[in-house]
Amino acid sequence: MTKIIFFGTEKFAAGILEALINSAKFNIELVITQPDRPVGRKQELQKSPVKLIAEKHSIKVDQPEKLKEYTLPEDIDLSIVCEYGLIIPKRIVEAPKFGTINVHPSLLPKYRGASPIQSVLINGEVETGVSIMLMDEKMDHGPILRQDTLKIDPDDIYTTLAEKLLKTAIFGLLEAIPLYTEGSTKPQIQDESKVTFCSIFTKESGKVNWTKTAQEIYNLGRGLEVWPGLWTTFQDKRIKLLQIKPVNDNLAPGKILIKDKEVFVGCGTGSIKLITIQPEGKNQMSALAWANGCHNLENTLMI
């Protein structure tokens with residue numbers, strides 16, 4: 001049975017860990033995840049999704065702040081990394097008998113970095129996938145053991161695409177590990193001429209620029225659905241755009257129109273139909289309910 005150390009933190013990684021635990025081929029000796037972090041207004045410490053899975057199965061967990069001085073246990077066959085979030089030194093990557101495998105939800109060398117699922121949606125890609133690769137000292141740079149391709153549906157959002165990619169990743173990883181450790185797989189070097197990198201997102205990344213096309217704004221919302229979300233301002237107050245749809249009707253950028261009991265906002269090309277929103281300091285509501293409560297709405301721009 002292959003002895004594995006698992007590095008991971010987020011929800012996608014927790015799904016990978018659960019699948020490895022449930023397989024009869026592997027023994028998870030140790031889980032390494034980020035330290036518990038304060039969240040919410042009360043700043044209460046919260047365990048990572050990966051830690052919760054490990055504890056559920058009574059697997060030992062380590063949570064180092066950094067790995068610079070960290071030492072892995074001996075007699076480990078393989079490390080697996082997915083959504084860990086901290087730099088792993090070369091000596092730790094190379095310590096296990098078969099090195100370290102990374103599970104990356106993109107078709108490498110495209111979208112190297114920490115936000116591939118968000119980035120493919122924002123960029124309007126129609127295809128993505130999962131790469132199972134051997135790690136080296138560079139980010140998402142090592143040779144590929146296996147890739148599986150996945151079609152992106154036009155209305156996929158981060159949550160739905162991540163679920164599809166997780167199923168693809170689990171299938172690919174469980175197939176790839178024994179083939180690799182048995183020497184039946186020849187790793188393929190990545191084509192450096194085709195490398196692209198993911199963006200780094202902040203809260204400001206979700207602010208709508210109404211001069212963009214309706215499709216570009218819609219794609220931004222698809223990618224940033226979980227965090228930070230899509231938002232705009234109206235009369236100096238922030239409004240979260242929870243559910244929207246691009247349409248072909250042309251309005252001036254930022255101009256608001258109520259038509260047939262529906263609310264539209266103009267873009268650089270086309271318009272966005274607002275369906276569900278959440279004004280600052282209020283609960284989420286239908287866009288029409290919000291619009292009916294506003295004064296002089298159609299003479300004011302969203303910015």
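Values quoted throughout were computed directly from the atomic coordinates according to the rules given, and no laboratory measurement underlies them. Quick caveat: nothing in here was measured; it's all calculated off a predicted structure. Backbone-built Cβ (ideal geometry, glycine too); neighbour counts: all protein chains shown.
Please give the contour-minus-distance gain from Thr149 to Arg41: 0.36 nm per residue of separation, less the Cα-Cα distance, rounded to one decimal in nm.
Values: separation 108, 0.36 × 108 = 38.88 nm, distance 4.01 nm.
The Thr149-Arg41 span can extend by a further 34.9 nm.
Could you work out how much longer the chain between Asn123 and Thr269 gets when fully extended? Use 0.36 nm per residue separation minus the Cα distance between them, nm to one decimal. Numbers along the way, then the final one.
Details: separation 146, 0.36 × 146 = 52.56 nm, distance 1.66 nm.
So the chain would gain 50.9 nm between Asn123 and Thr269.
Please list the radius of gyration and Dmax for segment 204-299, considering alpha-carbon atoms only, with Å as the unit.
Rg, Dmax (Cα atoms, Å): 12.1, 33.
How many nm separate the modelled label positions at Asp260 and Glu55, each set 7 Å beyond the Cα in the direction of the Cβ?
Each label point lies 7 Å from its Cα, and together they span 5.2 nm.
Report the extension gain between Ile189 and Leu86 in nm, rounded to one decimal, defined as 0.36 nm multiplied by the number of residues separating them, less their alpha carbon distance. Present the calculation step by step, with values, prior to reporting the outcome.
On the way: separation 103, 0.36 × 103 = 37.08 nm, distance 2.40 nm.
Difference between extended and current length: 34.7 nm.
Set the Förster distance to 25 Å, then compute FRET efficiency between Thr159 and Thr276 from the Cβ-Cβ distance, nearest 0.05.
Details: r = 15 Å, r/R0 = 0.61.
FRET efficiency, Thr159 to Thr276: 0.95.
Compute the distance in nm between two label points, each set 7 Å from the Cα along the Cα-to-Cβ direction, one at Ala24 and one at Met139.
Between Ala24 and Met139, the label points sit 4.2 nm apart.
Starting from segment 123-230, pick out the trypsin sites (Lys or Arg not before Pro) whose DSSP state is loop and whose Cβ has at most 13 other Cβ atoms within 10 Å. Walk me through the numbers before you get to the answer.
Values: sites: Lys138, Arg146, Lys151, Lys164, Lys167, Lys194, Lys203, Lys207, Lys212, Arg222; in loops: Lys138, Lys212.
Filter output for segment 123-230: Lys138.
Report, in degrees rounded to the nearest 10, the 0 to 90 angle that the Cα long axis of helix 214-223 makes with the longest principal axis of the chain.
40 degrees
In the chain, which longest range has no GluC sites (Glu not before Pro) that are both DSSP loop (not H, G, I, E or B) and surrounded by at most 14 other Cβ atoms within 10 Å?
Details: sites that count: Glu65, Glu69, Glu74, Glu94, Glu137, Glu182, Glu280.
So the longest stretch without any such site is 183-279.
Take the Cα pairs of segment 1-155, get the Kirkwood Rh, then feed it into Stokes-Einstein at 4 °C and 1.567 mPa s and tell me D in µm²/s.
Details: Rh = 16.4 Å.
Here the translational diffusion coefficient equals 79 µm²/s.
For segment 2-194, what relative contact order do you get, as a whole percent, if you take Cα pairs closer than 8 Å and at least 6 residues apart?
Answer for segment 2-194 is 18 percent.
For Lys245, put the label point 7 Å out on the Cα→Cβ axis and report which residues of segment 206-232 keep their amide N under 17 Å from it.
Counting only backbone N, you get 214-219, 221-222.
Between Asn209 and Asp236, take the C-beta separation as r, use R0 = 25 Å, and let me know the FRET efficiency to the nearest 0.05.
Details: r = 18 Å, r/R0 = 0.71.
Plugging the Cβ-Cβ distance into 1/(1 + (r/R0)^6) gives 0.90.
Return a whole-number percent for the relative contact order of segment 204-299, with Cα pairs under 8 Å and 6 or more residues apart as the contact set.
Values: 188 pairs, mean separation 24.8, N = 96.
Taking the mean separation of contacting Cα pairs over the length of segment 204-299, I get 26 percent.
Checking the table Lys259/Lys282; Lys240/Lys273; Lys110/Lys151; Lys164/Lys245; Lys3/Lys167 against a 19 Å threshold on Cα-Cα, which pairs fail? Spell out each step's value before the answer.
Details: Lys259/Lys282 24 Å; Lys240/Lys273 14 Å; Lys110/Lys151 15 Å; Lys164/Lys245 22 Å; Lys3/Lys167 23 Å.
Lys259/Lys282; Lys164/Lys245; Lys3/Lys167, as the Cα separations exceed 19 Å there.
Working from Cα positions, state the angle (0 to 90°, nearest 10) between the long axis of helix 158-181 and the longest principal axis of the chain.
It is inclined by approximately 10 degrees.
Compute from the Cα atoms of the chain the Rg and the Dmax, the latter being the longest Cα-Cα distance, and quote both in angstrom.
Spelled out, the Cα radius of gyration and Dmax of the chain are 22.4, 71 Å.
Go through Lys68/Lys203; Lys51/Lys186; Lys138/Lys212; Lys25/Lys66; Lys11/Lys138 and tell me which ones have a Cα-Cα distance over 28 Å in this structure. Write out the running numbers ahead of the final one.
Working: Lys68/Lys203 30 Å; Lys51/Lys186 33 Å; Lys138/Lys212 35 Å; Lys25/Lys66 30 Å; Lys11/Lys138 24 Å.
Violating the 28 Å limit, Cα to Cα: Lys68/Lys203; Lys51/Lys186; Lys138/Lys212; Lys25/Lys66.
If you filter segment 223-303 for trypsin sites (Lys or Arg not before Pro), then keep DSSP loop positions with at most 10 other Cβ within 10 Å, what is left? The partial results should precede the final answer.
Details: sites: Lys237, Arg238, Lys240, Lys255, Lys259, Lys261, Lys273, Lys282; in loops: Lys261, Lys282.
In loop regions of segment 223-303 (DSSP not H, G, I, E or B), the sparsely surrounded trypsin sites (Lys or Arg not before Pro) are Lys261.
Which shape class applies to segment 166-231: rounded if a/c is under 1.5, otherwise prolate when a/b exceeds b/c and oblate if not, where a ≥ b ≥ c are the square roots of the Cα gyration tensor eigenvalues? Mind dumping the intermediate values first?
Details: a/c = 3.68, a/b = 2.37, b/c = 1.55.
Here segment 166-231 falls in the prolate category.
Would you mind pulling out the separation of the Cα centroids of segment 246-303 and segment 100-124, in Å?
Taking the Cα centre of each part, segment 246-303 and segment 100-124 sit 33 Å apart.
Of Leu220, Ile177, Ile32, whose Cα points farthest to the positive end of the dipole of the chain (charges on the beta-carbon: +1 Lys, Arg; -1 Asp, Glu; origin at the Cα centre)?
It is Leu220.
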